[in-house]
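Taking it in order: structure first as structure tokens, then the write-up.
The values are calculated or read from the model by the stated rules, or taken from the named source; none is laboratory data. Just so it is clear, the structure is predicted and the values come from calculations on it, not from any experiment. Every residue, glycine as well, gets a Cβ built from its backbone with ideal geometry; the counts of neighbours run over all protein chains shown.
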Amino acid sequence: MKRLTHVAADGHVQMVDVSAKPLSARTAIATGKIRLQRETVDLISENRIAKGDVFATARIAGIQAAKQTPQLIPLCHPLPLSDVKIDIVTSNDGAEVKCAARTVAQTGVEMEALTAVSIALLTIYDMCKAVDKEMRISGIRLVEKTKQL
């Protein structure tokens, strides 16, 4: 069984030393969903939510969150993000948020993609909570990660 890299031999938590690893192009894709009432989806698409453009705000929040990941998750390395894309697709009963994050670094970018999706979904929730009391966030997960030397 593999050992957890964030746990030192003495059992204490540690940041992983990646200094010996080469730089490589890394990508991570994460997704998550929010269940919304049909009326809420309509209000969003008609830009009639009182707080403003829900999806534009969620995209910005997701991008900001990706950039702030090391401040939110204690053992994450700060990464030079080269790209963060947030896509939001609606359906009759909600929306799916997808984040693709890219970097050239010594460690992966999956935590940034997952954080971006989470915060984008929470932003949608926050902006719609006055009109939809049945919203439900689910299925936040890493879909893909790649590394190219």
**Study point:** Filter result (among the hydrophobic types (A, V, I, L, M, F, W, C) and in contact (Cβ under 8 Å) with a residue 12 or more places away in the chain) within segment 1-38
**Key:** Val13, Met15, Val16, Val18, Leu23, Ala25, Ala28, Ile29, Ala30, Ile34, Leu36
Revision key, fill the gap. Quick count over segment 56-91, residues being out of contact with any strand residue (DSSP E or B) (no Cβ under 7 Å at 6 or more places or on another chain), part of a loop (DSSP other than H, G, I, E, B) and surrounded by 14 or more Cβ atoms within 10 Å (Cβ to Cβ), is 2
Exercise for review: Considering only segment 1-38, state which residues are under 19 Å from Leu122 (Cα atoms) and not hydroxyl-bearing (Ser, Thr, Tyr).
Suggested key: Ile29, Ala30, Gly32, Lys33, Ile34, Arg35, Leu36, Gln37, Arg38
Point to revise | Thr69 vs. criteria farther than 25 Å from Arg35 by Cβ, in contact with a Cys (Cβ under 6 Å, 6 or more places away or on another chain) and modelled with pLDDT of 95 or more | key: yes
Revision key, fill the gap. Restricting segment 1-55 to residues that are part of a strand (DSSP E or B) and loosely packed, with under 13 Cβ neighbours inside 10 Å, the one modelled with the lowest pLDDT turns out to be Val7
Study note, to complete from the structure: Residue hits (segment 96-136; aliphatic (A, V, I, L, M) and farther than 15 Å from Asp83 by Cα) are Val97, Ile119, Ala120, Leu121, Leu122, Ile124, Met127, Ala130, Val131, Met135
Check your understanding: Hey, does segment 92-99 have a residue that's modelled with pLDDT of 95 or more, closer than 27 Å to Lys147 by Cα, in contact with a Lys or Arg (Cβ under 6 Å, 6 or more places away or on another chain) and among the charged types (D, E, K, R)?
Key -> yes
Exercise for review: Mind counting the residues in segment 77-98 that are within 17 Å of Ile29 (Cα to Cα) and out of contact with any Asp or Glu (no Cβ under 8 Å at 6 or more places or on another chain)?
Suggested key: 8
Exercise for review: Please verify whether segment 33-54 includes one or more residues that are of a type in the set (Lys, Arg), under 23 Å from Gln14 (Cα atoms) and in contact with a strand residue (DSSP E or B) (Cβ under 9 Å, 6 or more places away or on another chain).
Suggested key: no
Review point. Going through segment 93-140 one residue at a time, which ones are assigned to a strand (DSSP E or B) and closer than 23 Å to Gln71 by Cβ?
Key: Val97, Cys99, Ala100, Ala101, Arg102, Thr103, Val104, Ala105, Ile137, Ile140
Revision key, fill the gap. Within segment 99-109, residues surrounded by fewer than 20 Cβ atoms within 10 Å (Cβ to Cβ) and closer than 14 Å to Arg141 by Cα come out as Ala100
